[in-house]
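Coordinate-derived values only; no laboratory data. Quick caveat, the model's predicted, so the values are computed rather than measured. When we count neighbours, we look across all protein chains shown, and the Cβ atoms used for this are built from the backbone with ideal geometry, even at glycine.
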């Protein structure tokens with residue numbers, strides 16, 4: 001019996017990197033299970049926010065990458081007719097959709113797939129969280145209403161990555177939906193690199209797309225309130241996802257006190273990320289919602305602590321010695337934690353850094369993770 005055929009639709013994929021987590025989710029999936037399943041990936045021929053196609057890549061045809069096949073579509077081929085043609089090429093066992101609100105790479109292939117007998121797996125990727133739904137709320141509310149009217153929510157299997165995401169799906173679509181719970185597969189474990197930590201100094205970083213959901217503006221607001229006796233270096237890593245929001249962030253940056261130093265690094269390719277994070281101390285990401293948060297786990301892999309909101313699956317970070325999580329209205333706690341980090345000695349930081357690294361190893365080397373993801377494509 002041959003490998004089961006899995007057709008994946010995703011807006012962006014490598015060599016793209018600006019979309020962050022969604023790319024890593026699929027990359028880690030096919031790298032870990034590509035020997036067991038035949039994955040075929042359909043994606044766009046540009047990176048997030050770009051109009052220029054990837055160089056050296058032939059579009060609109062299958063490319064064999066060993067562990068998977070991939071087709072990069074130009075704009076004129078991202079349509080119902082093309083998706084229907086692709087689906088008819090093989091007897092695919094599963095169609096996997098890596099987003100909920102994407103029109104071209106979720107809705108169009110979803111409607112194509114529902115007209116066939118192919119099983120559809122839909123990953124909402126945190127888009128049903130309360131914080132996420134508050135952004136562009138009216139459009140999303142209309143979309144979800146149509147989704148329910150057409151009964152689509154009962155015709156797919158939902159790939160949920162945490163207990164909180166199970167609750168999100170049940171809250172919106174009821175308890176009659178089918179789902180499989182499988183946490184995202186992280187990148188493979190790397191070695192821990194020690195880094196210098198001076199008392200009363202800290203290097204924090206923001207790593208994500210710069211948009212309202214990821215909430216860089218609140219991080220900047222909190223840094224402005226840090227006691228002047230602490231010197232904070234804050235690196236902003238990630239692509240712009242809207243000029244209007246970035247303008248608000250720029251205005252806040254201009255008003256920061258002198259003891260807060262800002263480095264604007266822009267989007268950093270994933271393969272270069274280690275070079276940056278190996279000198280950092282803590283991720284600062286007061287996000288409105290993450291169904292998983294690859295950047296959180298990757299921060300721990302590089303020995304960095306994490307200062308995040310409570311809108312992610314990761315809890316009790318302070319008790320574990322790997323960081324802090326707070327409700328978004330607790331700005332004072334965010335500020336105090338930045339100051340606590342800055343006050344750490346080299347020895348104290350080394351202890352916390354090692355705990356973060358060890359937690360990442362426990363997460364990444366958990367065999368249940370692989371089995372849960374394997375079960376997505378069985379039955």
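Quick notes
- If the convex hull is drawn through the Cα atoms of the range 153-226, its volume per residue in Å³: 173 Å³
- Relative contact order for the chain, counting Cα pairs under 8 Å that sit 6 or more residues apart, in percent: 16 percent
- Take the convex hull of the alpha carbons in the chain; its mean projected area over all directions comes to 18.7 nm².
- The range 201-364: relative contact order in percent, alpha carbon pairs under 8 Å with at least 6 residues between: 25 percent
- C-alpha long axis of helix 21-33 to longest principal axis of the chain, angle in °: 60 degrees
- Once the Cα atoms are used to define both axes, helix 243-254 deviates from the longest principal axis of the chain by about 10 degrees.
- Convex hull volume per residue for the range 201-364, taking Cα atoms only, in Å³: 102 Å³
- Per residue, the convex hull spanned by the Cα atoms of the range 96-199 amounts to 165 cubic angstrom.
- Listed from fewest to most Cβ neighbours within 10 Å, the set 107, 344 follows the order 107, 344.
- Listing 246, 158 from fewest to most neighbouring C-beta atoms within 10 Å gives 246, 158.
- Sequence-distant contacts, meaning Cα pairs under 8 Å at least 6 residues apart, place the relative contact order of the range 269-379 at 24 percent.
- When you count the other C-beta atoms within 10 angstrom of each residue and take the mean per peptide, 220-231, 121-132, 268-279, 30-41 line up highest first as 121-132, 30-41, 220-231, 268-279.
- Rg of the Cα atoms in the range 44-88, relative to 2.2 N^0.38 Å, amounts to 1.20.
- Percent of alpha-carbon pairs separated by more than 16 Å within the range 53-119: 52 percent
- C-alpha long axis of helix 331-343 to longest principal axis of the chain, angle in °: 60 degrees
- MRE, 222 nm, helices only [DSSP H, n ≥ 4, -39500 (n - 2.57), over the chain, to nearest 500]: -10500 deg cm²/dmol
- As a rough footprinting exposure proxy, the listed residues 297, 146 were ranked by other beta carbons within 10 Å of their own, and the order from fewest upward is 146, 297.
- Pairwise inverse Cα distances across the range 183-296, averaged and inverted, put the Kirkwood hydrodynamic radius at 15.1 Å.
- Hydrodynamic radius by Kirkwood, which averages 1/r over all alpha carbon pairs of the range 112-168, in angstrom: 12.5 Å
- Beta bridges per DSSP with both ends in the chain, % antiparallel, nearest 5: 5 percent
- Cα-only Debye scattering, the range 1-102: base-10 log of I(q)/I(0) at q = 0.15, 0.22 Å⁻¹: -0.58, -1.31
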